[in-house]
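Working notes, beginning with the structure itself.
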Amino acid sequence: MRFAIKIAYDGRGFYGFARQPHITTIEGEIQRALLTHHIISSIDTAVFRVGSRTDKNVSSLGTVIACNTDKPLFECLPEINTKLSHIYYYGVSKVSDDFNPRYAQMRSYRYFLKKNSSLDFSEMILAATYFTGTHNFRNFARIESHRTPIRTIENIVLTEMDRYVVIDIFAQTFLWHQVRRIISALEKIGLHRISISDIQAALDNPEKPVDFGLAPAEPLLLTDIIYKFSFQYLKGYQKRLQQLESSIISDVLL
């Protein structure tokens with residue numbers, strides 16, 4: 001049987017997501033837990049797949065992986081979690097044999113931006129509208145040779161809190177560093193270091209390189225990956241996710 005598993009993790013302190021030999025990574029620890037608890041016998045035979053790989057020091061509230069197993073997976077989650085401190089398995093769904101979590105309906109990221117007294121929140125909201133829709137994001141991502149820079153941002157929602165700004169970004173797929181580069185540009189707009197016309201020009205003329213910087217990774221969360229099916233969740237999972245998010249916010253405000 002094939003299952004989708006929903007996982008949260010604090011990405012800070014790991015050497016990135018993707019499994020690498022001799023260093024501790026999120027993917028490596030996820031796979032180690034599945035092997036240690038005999039959920040899977042090998043990575044290859046389990047057809048292990050991931051729905052998204054995050055940058056080093058980026059955390060997640062809703063990463064999705066998939067694997068084949070004959071174990072009663074949902075009942076195994078509490079035992080797996082007892083051995084882990086920074087990774088939390090909390091949801092399961094039985095899926096089709098050919099399911100690959102890369103093909104999702106929607107992904108969402110959340111960034112916690114520490115407020116500056118001179119930050120122009122209204123201007124940031126206006127600038128965010130220029131990123132929504134379908135664009136060539138060559139100037140707002142690290143482009144890999146085999147990937148098209150054209151992506152569609154469904155929505156960007158900014159929420160002003162007392163000491164920070166929450167920025168939620170929604171799209172089916174994202175490019176490498178795309179969210180962090182958009183965040184950096186929005187912050188510079190809010191500080192009046194660049195203008196909205198600069199953003200527009202960078203989107204309209206992707207052949208002319210421009211660099212608006214890369215926002216720090218630690219305040220970024222992959223909040224969810226959405227599919228057509230639903231998950232069965234462990235009791236109390238919301239509290240664990242809230243604790244992780246609160247930990248990120250606390251560090252942002254230091």
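Among (1) surrounded by fewer than 18 Cβ atoms within 10 Å (Cβ to Cβ); (2) out of contact with any helix residue (DSSP H, G or I) (no Cβ under 6 Å at 6 or more places or on another chain); (3) more than 29 Å from residue 102 (Cα to Cα); (4) touching a residue at least 12 places away in the same chain (Cβ under 8 Å), there is one condition residue 195 misses while meeting the rest; what is its number?
(4)
If the requirement is being modelled with pLDDT under 95 and either within 30 Å of residue 13 (Cα to Cα) or in the same structural domain as residue 31 (by TED's automatic domain parsing) (or both), which of these qualifies: 68, 116?
Residue meeting the stated conditions: 116.
Sort out which residues of region 53-87 are buried (at least 20 other Cβ atoms within 10 Å of the Cβ) and not aliphatic (A, V, I, L, M), and write them in order of number.
Result: 54, 59, 60, 62, 63, 67.
Criterion first (farther than 26 Å from residue 216 by Cα, surrounded by 17 or more Cβ atoms within 10 Å (Cβ to Cβ), in the same structural domain as residue 76 (by TED's automatic domain parsing) and not basic (Lys, Arg)) does residue 48 satisfy it?
yes
Looking only at region 134-148, decide whether some residue is part of a strand (DSSP E or B) and free of Cβ contacts under 8 Å to residues at least 24 places away in the same chain.
yes
Can you tell me which residue is surrounded by the fewest Cβ atoms within 10 Å (Cβ to Cβ) among those in region 137-186 that are more than 23 Å from residue 211 (Cβ to Cβ) and of a type in the set (D, E, K, R)?
Selected residue: 162.
Please go through region 63-112 and pick out each residue that is in a strand (DSSP E or B), under 30 Å from residue 160 (Cβ atoms) and small (Gly, Ala, Ser).
Of everything in region 63-112, just one residue is in a strand (DSSP E or B), under 30 Å from residue 160 (Cβ atoms) and small (Gly, Ala, Ser), namely 108.
Considering only region 221-254, state which residues are in a loop (DSSP other than H, G, I, E, B) and in contact with a helix residue (DSSP H, G or I) (Cβ under 8 Å, 6 or more places away or on another chain).
234
Considering only residues that are within 23 Å of residue 116 (Cα to Cα), outside any loop (DSSP other than H, G, I, E, B) and among the aliphatic types (A, V, I, L, M), which ones fall in region 176-219?
Across region 176-219, the qualifying residues are 179, 182, 183, 185, 186, 189, 196, 199.
The values are calculated or read from the model by the stated rules, or taken from the named source; none is laboratory data. Computed from a prediction, not measured in an experiment: that's the story for all the values here. Using ideal geometry, Cβ is built from the backbone for each residue, glycine included, and neighbour counts are taken over all protein chains shown.
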